[in-house]
Amino acid sequence: MMKRRNFGKALAGGAAAASLAGAQSASPLPPKPNLLMHVGGDYHSVAGGPGASITGRHNLEYNLRHGVRHLTAQVRKVGADGAWDAGEIKTMRDNCDQAGVILEAIRMDSEYIMLRPGAERDRRLDAIIGNIQKASAAGVRVITHHWTVIPIRRNGTRPGRGGATYAAFDLEPAWRDLPDGPAGKVSSEDYWERITHFLRAVIPVCRQYDVRMAAHPYDPPGLPFGYQGAENWDAPSVFEGYKRYEAIVDSPYNGFQLCLGTTAEGLPNPAAEILPIVQYLGERGKIHQVHMRNIRGGLNHFAEVFPDEGEMDFLKIMRILRDTRFAWSICPDHMPGHPDDPGKLQAYAFGYGYINALIHAVNSDLRA
């Protein structure tokens, strides 16, 4: 197993120096166009039919037609311990290089967070450290992950525009009677022990290999403690969960796949409450990918809708991302479905165009 180094003191000192420098600054710099942020595509929508590869010709051309040049992939050849196949990663990278696309990120499964302390968890952690090295060798800069001890929860649908269907969730009156999830009962203390152990082992390795870890919140956040046996890390307050998570190892390599839709699901007033969350994480450089999904509703009662018709004003959010110099992918996410669009390729094409237009709009604000 690789030697794990502790960068905590150095990181803390750097953060303190940066804070002091900021405090001594006479005034903030005026906003300027952000040419680093970009639209991204991922595993939610893959062209080419059932079983098609995300870096296959059909999907690469589909993405390029819609202005997408940055991808987040999943590795299919995975060992029993979670180890990725380096050859598959190289093939994906070579395919992207030939098409003029950047393989920016890889999604990691959530098996680690299911495991209690012991030999199996240690093996999984060693495999993750090896995966970081493999990703770095292929030029991948971000690993996204979803800390899920109970399955993502939806329990209904809503009718949407043009015959579309919107996935929905309403907290069940008898939620205490639901069966425990596959991980059994997981207390808040258990959850945070697993997260802390992971971050302290992995983030120094990420720093060494220049790969960022991007944690996705549980979906939906803010569920009452004990829901299906879990006391989730992003409950009862998703914002406080973010703050606690990123402070465990305060490093630019420890950040988030900020899913705007998921975050909004944990807020009583998403339109107002989402903005300080984006500002807080953006100022700290802790956003490594954005999922742009909108909802109607809020905490414990919501439906997933198209990005232009929900509670959140994405133009306001994009201005924050612009001004905090966000430099990574913004991906459409959980787009609504329709019988005429079984692979959701139409829906995601709309999402790509919408995000590209937002990027153009907020940068044009400053050129006028």
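Annotations for the structure displayed:
- Among the residues of region 29-36, none qualifies, meaning not one is outside any loop (DSSP other than H, G, I, E, B) and surrounded by fewer than 22 Cβ atoms within 10 Å (Cβ to Cβ).
- Scanning region 345-366 turns up no residue that is of a type in the set (D, E, K, R), surrounded by 21 or more Cβ atoms within 10 Å (Cβ to Cβ) and in contact (Cβ under 8 Å) with a residue 40 or more places away in the chain.
- Flag for G100 being out of contact with any Asp or Glu (no Cβ under 9 Å at 6 or more places or on another chain), small (G, A, S), at pLDDT 95 or above and more than 19 Å from P182 (Cβ to Cβ): yes
- In summary, helices (runs of 4 or more DSSP H) completely within region 261-368 and bearing 3 or more residues that are touching a Pro at 6+ places or on another chain (Cβ under 7 Å) and either modelled with pLDDT under 95 or closer than 20 Å to H216 by Cβ (or both) occur at 345-365.
- Check on R153, among the basic types (K, R), within 20 Å of C259 (Cβ to Cβ), assigned to a strand (DSSP E or B) and touching a residue at least 12 places away in the same chain (Cβ under 8 Å): no
- Verdict on R121 being of a type in the set (D, E, K, R) and closer than 30 Å to P252 by Cβ: yes
- Answer residue from region 40-95, given it is of a type in the set (K, R) and under 18 Å from I355 (Cβ atoms) and is surrounded by the fewest Cβ atoms within 10 Å (Cβ to Cβ) among those: R65
- Only one of the listed residues (A119, A214) is out of contact with any Lys or Arg (no Cβ under 8 Å at 6 or more places or on another chain), without any contact (Cβ under 8 Å) to a residue 40 or more places away in the chain and either at positive phi or not basic (K, R) (or both). That residue is A119.
- Any hit, region 49-56, residues being at pLDDT below 95, at positive phi and not in a strand (DSSP E or B): yes
- Residue match in region 181-195 (condition: outside any helix (DSSP H, G or I), more than 27 Å from M318 (Cβ to Cβ), over 21 Å from the mean Cα position of the chain (by Cα) and without any contact (Cβ under 8 Å) to a residue 40 or more places away in the chain): no
The values are calculated or read from the model by the stated rules, or taken from the named source; none is laboratory data. Note that the coordinates shown come from a computational prediction; the quantities given were computed from them, not determined experimentally. Cβ sites come from the backbone with ideal geometry, for glycine too, and all protein chains shown count toward neighbours.
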